[in-house]
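Values in this text are rule-based calculations from the coordinates and carry no lab data. What you see is a predicted model; the values in this text were computed from it and never measured. Cβ: placed from backbone, ideal geometry, glycine included. Neighbour counts: every protein chain shown.
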Amino acid sequence: MDNLFSSGFIFGHMNYWLFVVLMMTGLYIVVSRGNLLKKVVGLNLFQAAVFMLYISMGKVAGGTAPILTGNPDEVYSNPLPHVLILTAIVVGIATTSLGLALIVRINESYGTIEEDEVLALDQQQERDELAALEEEVLKSK
């Protein structure tokens, strides 16, 4: 049991420990915060953690680029996780920019980027519209 949590094990798997810390931090920020900008930052932290996990899994100790050298004992690293992460980074940038643009529009419309305040303003507007509609129906009778 002492061998399982030795310093060599902990430092040898540092990238996985960092992955867990980043992912849980990002998830906590998304779930616990009401500020929309902080939610976007939390999603980006979560996304960076997933990138780090995929890149860590794609690395082979002693592996080289998959270029044929004629040596049958050569160990190659799989390039697919790295290519997928490059695509995911582009998609992540586009998603982040869309989220930030939506936050700007929400701020222009409601004057706030706090989720609770936006929901309260929406509910108040719906109540006002319903009251005006009921008043109009009563006047027409």
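Under the rule of at least 5 residues apart or a separate chain, name every residue whose amide H is placed under 5 Å from the amide H of residue 76.
So residue 76 has HN proximity to 64.
May I ask you to evaluate 6.51 cos²θ - 1.76 cosθ + 1.60, the Karplus curve with θ = phi - 60°, for each residue of the stretch 111-119 and list the ³J(HN,Hα) values in order in whole Hz, giving x for glycine and proline?
Working through the residues one at a time gives x, 7, 10, 7, 4, 5, 5, 5, 5 Hz.
Could you list 122, 73 in order of exposure, starting from the residue whose Cβ has the fewest other Cβ atoms within 10 Å? Working shown, then result.
Working: 122 11, 73 4.
Ordered from fewest to most neighbouring Cβ atoms within 10 Å, 122, 73 come out as 73, 122.
Could you give the distance between the Cα centres of the stretch 65-121 and the stretch 1-63, to the whole Å?
Rounded to whole Å, the Cα centres lie 15 Å apart.
Tell me, what is the FRET efficiency for residue 119 and residue 55 to the nearest 0.05, using R0 = 30 angstrom and their Cβ-Cβ distance as r?
Using R0 = 30 Å, I get an efficiency of 0.20.
Apply the Karplus curve 6.51 cos²θ - 1.76 cosθ + 1.60, θ = phi - 60°, to the phi angles in the stretch 14-23 and return the couplings in whole Hz, x for Gly and Pro.
4, 5, 6, 5, 5, 4, 5, 5, 5, 5
Using label points projected 7 Å from each Cα along Cα→Cβ, tell me how many nm separate residue 75 and residue 16, to one decimal.
So the two model labels end up 1.7 nm from each other.
Using each residue's phi in the stretch 58-70, evaluate 6.51 cos²θ - 1.76 cosθ + 1.60 at θ = phi - 60° and report the 3J(HN,Hα) Karplus result to the nearest Hz, with x for Gly and Pro.
x, 7, 10, 4, x, x, 10, 5, x, 10, 5, 10, x
Skipping prolines and chain starts, which residues have an amide H placed within reach, meaning under 5 Å, of the one on residue 35, given they are 5 or more residues away or on another chain?
Here 115 satisfy the definition.
Among 38, 139, 59, which comes first, second and so on when ranked by fewest other beta-carbon atoms within 10 Å?
Ranking 38, 139, 59 by Cβ neighbours within 10 Å, fewest first, gives 139, 59, 38.
What area, in nm² and to one decimal, does the C-alpha convex hull of the chain cast on average over all directions?
Answer in nm², one decimal: 15.5.
Which value in deg cm²/dmol, rounded to the nearest 500, describes the helix-derived mean residue ellipticity at 222 nm for the chain, given -39,500 (n - 2.57) per DSSP H run of n ≥ 4 and division by the residue count?
-26000 deg cm²/dmol
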